[in-house]
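Novice: Starting off with a structure, shown below.
Coordinate-derived values only; no laboratory data. Everything numeric in this text was worked out from a predicted model, so none of it was measured. All Cβ positions, glycine included, derive from the backbone under ideal geometry; neighbour counts span all protein chains shown.
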């Protein structure tokens, strides 16, 4: 789960505005293209488009995958089917918020569909809210405090910050050298593992895994695993299966990069010794959550006005999950965390009219089973088959628990909109 800073979403206006589509149909197609590019899961995207189409008096059916959307508008012999293909541009909450505001105006009858289509086209093609170097800073602001929240100490936090800075530099480079964009994940994983394994092998007073996991937290696709599970549980089998395959490929790529960098580092300085970090106090973990929240705001291009809300959901979800683990066990603790994230996000959507995913995404990011799945593949790579299978099963069970918590939250408090 990562965003390349400075990315803009380019659209062909002729594709965005089909010649044979009416004003309301244009709006539906542009909205679908926008939500698909911003990474909306199938169950949310199709529900949102169906709701808007019904408000506009259109008969419509939708079928989406992570990179394509088919929209059948009309009925019987008058039906027209459109295929929309996009490359996902990453999560951008400022764009998503503005899109919802435009669509809500049309839904209540106070907006013109043709004008709304032009506004959506402008929103999609504008520059990111924060520049590339602020996005670089986000990787550092997420990596350092996450190490403290994952049970590391100050040594691990500093090392995770350095690892995050390396990823941030590589992310900025991809905006200038598009040829290395597809190598971003393995290059980042190799660089991070080379630094963390090398430092821990030489210094010996730093735990390697908390620093490595925290430094790479923005790359680990645990959120994608949870979203894929949610899509499968809601009957979107094609989208869920393809997203799950993509997640597994990213996991495998990360493991390859980790193995490559770690092998080189250990050949130079030797294997890192076992070290138990000194866990910081609760007060410092709370401060860490505040810093990580600002990092999420920058990374996901959220408006600064939403910082306090994102901080609230991150802190509440984290401590709810911890309490759930103490009372129950890890997967049921994840269920409690997912339930709390869902409830807070849905309340936020009802009170403010803005997308609940503004809180859902950062709230889930620290709860998702990405690190567990990462350790599973790492065990398999090291021929520890039994441990790898057990850990992999725990990752899947945790993803199911998070998904179930989110579904129960939607039943208890239905969000104002589906996004």
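Novice: Rounded, prolate or oblate: which fits segment 222-287, taking a ≥ b ≥ c as square roots of the Cα gyration tensor eigenvalues, rounded meaning a/c under 1.5, else prolate when a/b beats b/c?
Specialist: Working: a/c = 4.85, a/b = 1.47, b/c = 3.29.
Because a/c hits 1.5 or more and a/b fails to exceed b/c, segment 222-287 counts as oblate.
Novice: Ranking request for peptides 354-363, 304-313: highest mean number of other beta-carbon atoms within 10 Å first, then the rest in descending order. Numbers along the way, then the final one.
Specialist: Details: 354-363: 27.3, 304-313: 17.5.
In descending order of packing, they fall as 354-363, 304-313.
Novice: P(r) for segment 132-412, please, calculated from all Cα pair distances in 5 Å bins and given in %.
Specialist: Whole-percent P(r) values from 0 Å outward: 1, 6, 12, 16, 20, 18, 14, 8, 3, 1, 0, 0.
Novice: Residue 278 to residue 237: FRET efficiency via 1/(1 + (r/R0)^6), r the Cβ-Cβ distance, R0 51 Å, to the nearest 0.05?
Specialist: On the way: r = 47 Å, r/R0 = 0.92.
FRET efficiency, residue 278 to residue 237: 0.65.
Novice: Using 18 Å as the cut-off for backbone N distance, which residues of segment 182-215 belong to the label zone defined by a point 7 Å from the Cα of residue 263 along Cα→Cβ?
Specialist: Correct set: 186-198.
Novice: At a Förster radius of 30 Å, what calculated FRET efficiency corresponds to the Cβ-Cβ distance of residue 125 and residue 183, to the nearest 0.05? Numbers along the way, then the final one.
Specialist: Numbers: r = 27 Å, r/R0 = 0.90.
After rounding to 0.05, the efficiency reads 0.65.
Novice: Another question about this same structure. Starting with the highest mean, order 59-72, 203-216 by the number of other Cβ atoms within 10 Å, averaged over the residues of each peptide. Please report the intermediate quantities before stating the final value.
Specialist: Working: 59-72: 18.6, 203-216: 23.6.
Highest to lowest by the protection proxy: 203-216, 59-72.
Novice: What FRET efficiency do you get for residue 203 and residue 245 if R0 is 41 Å and r is their Cβ-Cβ distance, rounded to the nearest 0.05? Mind dumping the intermediate values first?
Specialist: Numbers: r = 39 Å, r/R0 = 0.95.
Once the sixth-power term is evaluated, E becomes 0.60.
Novice: Moving on. Normalising by the residue count of segment 158-272, find the relative contact order in percent from Cα pairs under 8 Å and 6+ residues apart. Provide the component values of the computation, followed by the final result.
Specialist: Numbers: 135 pairs, mean separation 45.2, N = 115.
Computed value for segment 158-272: 39 percent relative contact order.
Novice: Counting other C-beta atoms within 10 Å, which of 293, 253 has the fewest, and how do the rest follow? Working shown, then result.
Specialist: Values: 293 24, 253 18.
In order of increasing Cβ crowding within 10 Å: 253, 293.
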